[in-house]
1. Being in contact with a helix residue (DSSP H, G or I) (Cβ under 7 Å, 6 or more places away or on another chain) and surrounded by 13 or more Cβ atoms within 10 Å (Cβ to Cβ): is that true of residue 64 here?
2. Being at positive phi and loosely packed, with under 12 Cβ neighbours inside 10 Å is the filter here; which residues of region 74-122 pass it?
3. Kindly establish whether residue 91 is without any contact (Cβ under 8 Å) to a residue 12 or more places away in the chain and within 20 Å of residue 123 (Cβ to Cβ).
4. Could you say which residue among 71, 32, 61 is free of Cβ contacts under 8 Å to residues at least 60 places away in the same chain, within 21 Å of residue 101 (Cβ to Cβ), not assigned by TED's automatic domain parsing to the domain that holds residue 111 and not in a strand (DSSP E or B)?
5. Just name the residue that is nearest to residue 27 (Cα to Cα) out of those in region 84-109 that are assigned to a loop (DSSP other than H, G, I, E, B) and at pLDDT below 95.
6. Mind checking which pairs have a first residue in region 106-130 that is closer than 15 Å to residue 6 by Cα and a second that is exposed (fewer than 10 other Cβ atoms within 10 Å of the Cβ), Cβ under 9 Å, 6 or more apart or different chains?
7. Scan 26, 54 and give me the residue that is loosely packed, with under 15 Cβ neighbours inside 10 Å and at pLDDT below 95.
């Protein structure tokens, strides 16, 4: 059986989920009690990022709604692993989808973009950085 770490780096796999909310502290408390998640807080320079863990495995994150998305309702977003974010963006556009944000680099993590399919659904793609070392 593959580990979660192996699966989330598989091309085409839903690999990460992330909640953007105006009140991350309240969300961490709610979901922690609901699902038994533990949280590791990381300072990302523009605020804290809360890595949520299930059974000790990092499975998602909770963050404050960024200024450029102010006014958006709290929402969960899904990330799909791709080998090349920029190529996925171009293919999405060629298929009638739209680029909404990015591509952007997350230091030591990878490169991601926020996309929208032709029917209006938003999703994220990410190409993970190779492991350090």
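1. Yes.
2. To start, the set of residues in region 74-122 that are at positive phi comprises 96, 102, 108, 110, 120.
Once the filter is applied, which keeps residues that are at positive phi and loosely packed, with under 12 Cβ neighbours inside 10 Å, region 74-122 yields 96, 108, 120.
3. Working: without any contact (Cβ under 8 Å) to a residue 12 or more places away in the chain: yes; within 20 Å of residue 123 (Cβ to Cβ): yes.
So residue 91 fits the description; yes.
4. Residue meeting the stated conditions: 71.
5. Looking at the filtered set, the residue picked out is 109.
6. Close Cβ pairs (under 9 Å, with a partner that is exposed (fewer than 10 other Cβ atoms within 10 Å of the Cβ)) amount to 129/107; 129/108.
7. It is 54.
The values are calculated or read from the model by the stated rules, or taken from the named source; none is laboratory data. Everything numeric in this text was worked out from a predicted model, so none of it was measured. Using ideal geometry, Cβ is built from the backbone for each residue, glycine included, and neighbour counts are taken over all protein chains shown.
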